[in-house]
């Protein structure tokens, strides 16, 4: 395994600090057009073979065997020639201008292209949502992206799929023709993408679903070559050089590398004292506000049921929400945080972003981890039985997670509670433990957090734009994921005063300062509208 990625227990961990770029094949990796291509190839070749044998029962094109072996991932005319050679058929190459009924390599390739475009118009273009989500996560962390394709239809496919603008570079069949690039398994197309991104091959990771593409990535010396096994071909991808194999981009764990700019909270400048600086960053832009609940809108209290929003804070948030977009992202259960805040017009994300709802936006909901709820319930019961005798320990159950609170536990008893959590969670491979302030949080072991929830809300509300400046206010280590995703595109403000390092840019001491800052931000937005 390379230093860029590590495969273990069915998951792929990518080390962000070593990665400068991601290069993605198109068909079969990002879009589901591979099967449309395969159907077009079959229709074209079967008609040709039948006419050549004059109805004599020629063996038809086999998608499961011939597509992957002879045409997938190759330039169109190379694919035609490769398959014909497998049948012992020798045709003149012809010219790229040959009409689709001419019996030449180019004529057959042009016929296939017409059939493919017809099918795309009829069927549209499907995408793999997890792939798009992962690419957007890379871009949010300033990791450059490129799409490569042997097809000259790449621009049309990206346009039909709504993916134009998602990549810093596009290298396709048109590029190969213009520059005289060799097709896969030669690495030319990947090397050209790396060149356009301004990175060395060793600094980039390649994602490919075709054997020819895997070979090309390895030959090009890329930092990591990941096979995307959309069919039952994981062993073939590995045997041809894939450093790792996934069946879905949801299997990728992408921990954020520590940022060199992190500083202890106590050393950060006050957001209130730097309000004019923040106002200057808003010039020509509109704010979008994301708020944690406990410790941010309310003080930290002994028990979660005591964290009640003050009327002053509720009025402030309601006032701000009349002028700018506001969402609350909390570790609490979605229904619980909606009840406590009590402002129906806001967007809410509960369970650290695993459960999202946007009132007033019909159909705009997002839930992660539904399939893990039975495991969460069983694990919470086991832990509850083990810590029942520990005075002050209690479990807060949520829809997509649960929290083990130890704030009221004697310090000598806390290690025993954590041991009970660790030993129980180790028996559930689908769950993970994280830490918060005086709590241990147990969640589905998915690459999803408050940062990803924030990005999802930005996109869902059409706020993922250059004229929007997102803000996130939070107090806990669980809020660091949100501070990280905004490190280079927004403003992170941490609430509190301990000495832990943070990716936030500013600090506020307590919820009262939060309230004053929100009023100042609302005033800035009002001035911009005037």
Quiz item: residue 401: buried (at least 20 other Cβ atoms within 10 Å of the Cβ) and either under 19 Å from residue 331 (Cα atoms) or in contact with a helix residue (DSSP H, G or I) (Cβ under 9 Å, 6 or more places away or on another chain) (or both), yes or no?
Solution: yes
Quiz item: residue 88 versus (1) out of contact with any helix residue (DSSP H, G or I) (no Cβ under 8 Å at 6 or more places or on another chain); (2) surrounded by fewer than 21 Cβ atoms within 10 Å (Cβ to Cβ); (3) in a helix (DSSP H, G or I); (4) free of Cβ contacts under 8 Å to residues at least 60 places away in the same chain: which is the lone unmet condition?
Solution: (3)
Quiz item: Residues in the range 202-213 that are free of Cβ contacts under 8 Å to residues at least 40 places away in the same chain and touching a strand residue (DSSP E or B) at 6+ places or on another chain (Cβ under 9 Å): how many?
Solution: 0
Practice problem: Would you check if residue 424 is over 21 Å from residue 325 (Cβ atoms), out of contact with any strand residue (DSSP E or B) (no Cβ under 8 Å at 6 or more places or on another chain), outside any strand (DSSP E or B) and in contact (Cβ under 8 Å) with a residue 12 or more places away in the chain? | Solution: yes
Quiz item: Of the conditions (1) surrounded by fewer than 20 Cβ atoms within 10 Å (Cβ to Cβ); (2) on the phi < 0 side of the Ramachandran plot; (3) modelled with pLDDT under 90; (4) touching a helix residue (DSSP H, G or I) at 6+ places or on another chain (Cβ under 9 Å), residue 122 fails just one. Which one is it?
Solution: (4)
Self-check item: Cβ pairs under 6 Å, 6+ apart, first in the range 44-67 and within 29 Å of residue 236 (Cα to Cα) and not assigned by TED's automatic domain parsing to the domain that holds residue 236, second part of a loop (DSSP other than H, G, I, E, B) and at pLDDT 90 or above
Solution: 45/61; 46/60; 46/61
Quiz item: Can you list the strands (runs of 3 or more DSSP E) found entirely within the range 320-420 that contain at least 3 residues being within 29 Å of the chain's Cα centre (by Cα), within 30 Å of residue 469 (Cα to Cα) and at pLDDT 90 or above?
Solution: 325-329
Exercise. Would you be able to tell me the number of residues in the range 372-391 that are more than 14 Å from residue 442 (Cα to Cα) and in contact with a strand residue (DSSP E or B) (Cβ under 8 Å, 6 or more places away or on another chain)?
Key: 1
Quiz prompt | Evaluation of residue 257 against (1) part of a helix (DSSP H, G or I); (2) more than 16 Å from residue 134 (Cβ to Cβ); (3) modelled with pLDDT under 90 (one fails), failing number | solution = (1)
Quiz item: Are any residues in the range 48-86 over 33 Å from the mean Cα position of the chain (by Cα) and closer than 19 Å to residue 182 by Cβ, and if so, which ones?
Solution: 77, 78, 80, 81, 82, 83, 85
Quiz item: Could you count how many residues in the range 17-31 are buried (at least 18 other Cβ atoms within 10 Å of the Cβ) and at pLDDT below 85?
Solution: 1
Quiz item: Given the residues 196, 215, 230, 238, which is the only one that is outside the structural domain of residue 472 (by TED's automatic domain parsing), within 23 Å of residue 130 (Cβ to Cβ) and part of a helix (DSSP H, G or I)?
Solution: 238
Practice problem: Could you look through the range 282-313, keep only residues that are part of a helix (DSSP H, G or I) and buried (at least 17 other Cβ atoms within 10 Å of the Cβ), and pick out the one that is modelled with the lowest pLDDT? | Solution: 304
Self-check item: Output for the range 154-191, where each listed residue is in contact with a strand residue (DSSP E or B) (Cβ under 6 Å, 6 or more places away or on another chain) and surrounded by fewer than 19 Cβ atoms within 10 Å (Cβ to Cβ)
Solution: 168
Practice problem: Identify, by number, the condition in (1) assigned to a loop (DSSP other than H, G, I, E, B); (2) at pLDDT below 85; (3) out of contact with any strand residue (DSSP E or B) (no Cβ under 8 Å at 6 or more places or on another chain); (4) closer than 26 Å to residue 121 by Cβ that residue 36 doesn't meet. | Solution: (1)
Exercise. Just name the residue that is farthest from the chain's Cα centre (by Cα) out of those in the range 110-129 that are assigned to a helix (DSSP H, G or I) and under 26 Å from residue 207 (Cβ atoms).
Key: 112
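The values are calculated or read from the model by the stated rules, or taken from the named source; none is laboratory data. As the structure is a prediction and not an experimental result, all values here were calculated from the model. Positions of Cβ are backbone-derived with ideal geometry, glycine not excepted, and every protein chain shown enters the neighbour counts.
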